[in-house]
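The values are calculated or read from the model by the stated rules, or taken from the named source; none is laboratory data. Here the structure is a predicted model, which is why all the values come from computation and not from measurement. Cβ atoms come from the backbone with ideal geometry, glycine included; neighbour counts cover every protein chain shown. Surface accessibility is based on the protein's heavy atoms, side chains included, excluding ligands, DNA and RNA. Shrake-Rupley method; radii C 1.70, N 1.55, O 1.52, S 1.80 Å.
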Amino acid sequence: MKTAALTDVGKIRKINEDSMKVFTSDEYSYAIVADGMGGHQAGEIASAMAVDVITDYVAEYMTPKLDRFQSMEVMRQAFLAANCAIYEYSCENESVMGMGTTTTMCMVRGGFVIYAHVGDSRAYMIGDGIVQITRDHSFVQELVKLGQITPEEAKHHPRRNYITRAMGVEAFVRIDTGVKPYNGEKLLLCSDGLFGEIEDGELFNAVKNNSAETAVNTLIELANERGGSDNITAIVMEGDNN
């Protein structure tokens with residue numbers, strides 16, 4: 001599994017509140033993107049905690065004997081553990097009260113992509129086309145689902161950055177999980193600072209036609225050229241269907 005990961009503060013923000021992690025092994029490989037929220041560096045703390053807790057939990061409980069659905073459950077429990085850790089920390093530390101983070105994780109194992117997701121960071125699968133495999137937990141996505149606005153209108157809606165679900169904000173959070181067959185497609189995980197500036201067709205072309213390292217550099221450079229209004233994180237994974 002070849003991977004490349006890059007994060008950038010962007011052109012407007014003073015602090016990068018995005019966190020990320022890439023892990024590869026013969027047994028499985030995964031990537032995590034987390035986009036923190038909250039003032040006074042609280043978002044930075046929340047996203048880092050999410051990545052750290054999930055990483056540690058997976059390292060402890062992801063054993064070779066697990067099938068894909070059991071692996072998915074380990075990931076779900078890892079997200080629950082991270083949510084609990086962030087929530088308890090914010091309750092005990094008034095300066096970061098109310099902090100939270102999006103978190104999106106994809107694991108490639110045994111010929112499958114296994115994912116877990118909360119918030120509006122995204123995971124895409126890129127083969128002959130580009131498919132978003134996560135669903136945004138956002139105000140505008142709910143409007144799109146109800147048919148009140150179009151996907152194009154959602155991109156420019158004044159409340160497009162309002163998320164309806166995040167890690168650490170409440171004692172419990174609902175986590176989206178899923179399993180998809182993997183046949184060597186490229187995977188792109190990114191924060192909204194990337195896809196908010198770049199159309200899906202442009203994401204597809206950059207990832208499909210370049211190495212993982214070139215793709216992440218190209219995408220972050222493009223997002224900055226278009227304003228860099230938020231922190232920007234991109235991870236590309238590519239490999240065979242092991």
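Taking Leu194, Leu66, Leu219 in turn, the Gaussian network model of the chain (Cα-Cα springs below 10 Å) assigns the largest fluctuation to Leu66. In this label model, Phe69 and Glu94 are separated by 4.9 nm, measuring between points 7 Å along each Cα→Cβ vector.
Placing unit charges on the Cβ atoms only, positive for Lys and Arg and negative for Asp and Glu, gives segment 13-71 a dipole magnitude near 140 debye about its Cα centre.
Working from label points 7 Å from Cα in the Cα-to-Cβ sense, the Arg76 to Ser25 distance is 2.3 nm. A Förster distance of 22 Å, applied to the separation of the beta-carbon atoms of Ser211 and Asp128, puts the FRET efficiency at 0.70. Rounded to the nearest 20, the Cβ-based charge dipole of the chain about its Cα centre (Lys and Arg +1, Asp and Glu -1) stands at 360 debye. Any idea which of Ile232, Met37, Leu187 is furthest toward the positive side of the dipole for the chain, if Lys and Arg beta-carbons carry +1 and Asp and Glu beta-carbons -1? Farthest towards the positive pole: Leu187. Remark: segment 76-83, residue by residue, has Karplus-estimated 3J(HN,Hα) of 5, 5, 5, 5, 4, 5, 5, 4 Hz, where x stands for each Gly or Pro and the curve is 6.51 cos²θ - 1.76 cosθ + 1.60 at θ = phi - 60°. In the elastic network of the chain, a GNM with C-alpha springs shorter than 10 Å, the most mobile of Cys106, Cys190, Cys84 is Cys84.
The figure for Tyr89 is an accessible area of roughly 80 square angstrom, using a 1.4 Å probe on the protein chains alone.
Taking segment 25-67 and a reference point 7 angstrom along Cα→Cβ of Cys84, the backbone N atoms nearer than 14 Å belong to 53-54, 57-58.
May I ask you to give the solvent-accessible area per residue for the chain, in square angstrom, as obtained with a 1.4 angstrom probe? Write out the running numbers ahead of the final one.
Details: 11150 Å² over 242 residues.
Per-residue accessible area for the chain comes out at 46 Å².
For Asp18, the residues whose modelled amide H falls within less than 5 Å of its own, excluding neighbours fewer than 5 places apart on the same chain, are Gly36.
Taken over the alpha carbons of the chain as equal point scatterers, the Debye sum produces base-10 log I(q)/I(0) values at 0.13, 0.16 Å⁻¹ of -0.74, -1.15. Pairs exceeding 22 Å between alpha-carbon atoms, taken from Lys14/Lys186; Lys21/Lys65; Lys180/Lys208; Lys65/Lys186: Lys14/Lys186; Lys21/Lys65; Lys65/Lys186. Rounded to the nearest 10 square angstrom, Lys11 shows an accessible area of 140 square angstrom against a 1.4 Å probe.
Taking all protein chains as shown and a probe of 1.4 angstrom, Thr3 keeps an accessible surface of around 50 Å². Taken along the Cα-to-beta-carbon direction at a fixed 7 Å, the label points for Lys180 and Glu199 span 2.1 nm. Between Arg135 and Asp52, the contour length at 0.36 nm per residue exceeds the alpha carbon distance by 27.5 nm. Along segment 90-99 the Karplus relation, 6.51 cos²θ - 1.76 cosθ + 1.60 evaluated at θ = phi - 60°, assigns HN-Hα couplings of 5, 5, 8, 10, 4, 5, 10, 4, x, 5 Hz to successive residues, with x for each Gly and Pro.
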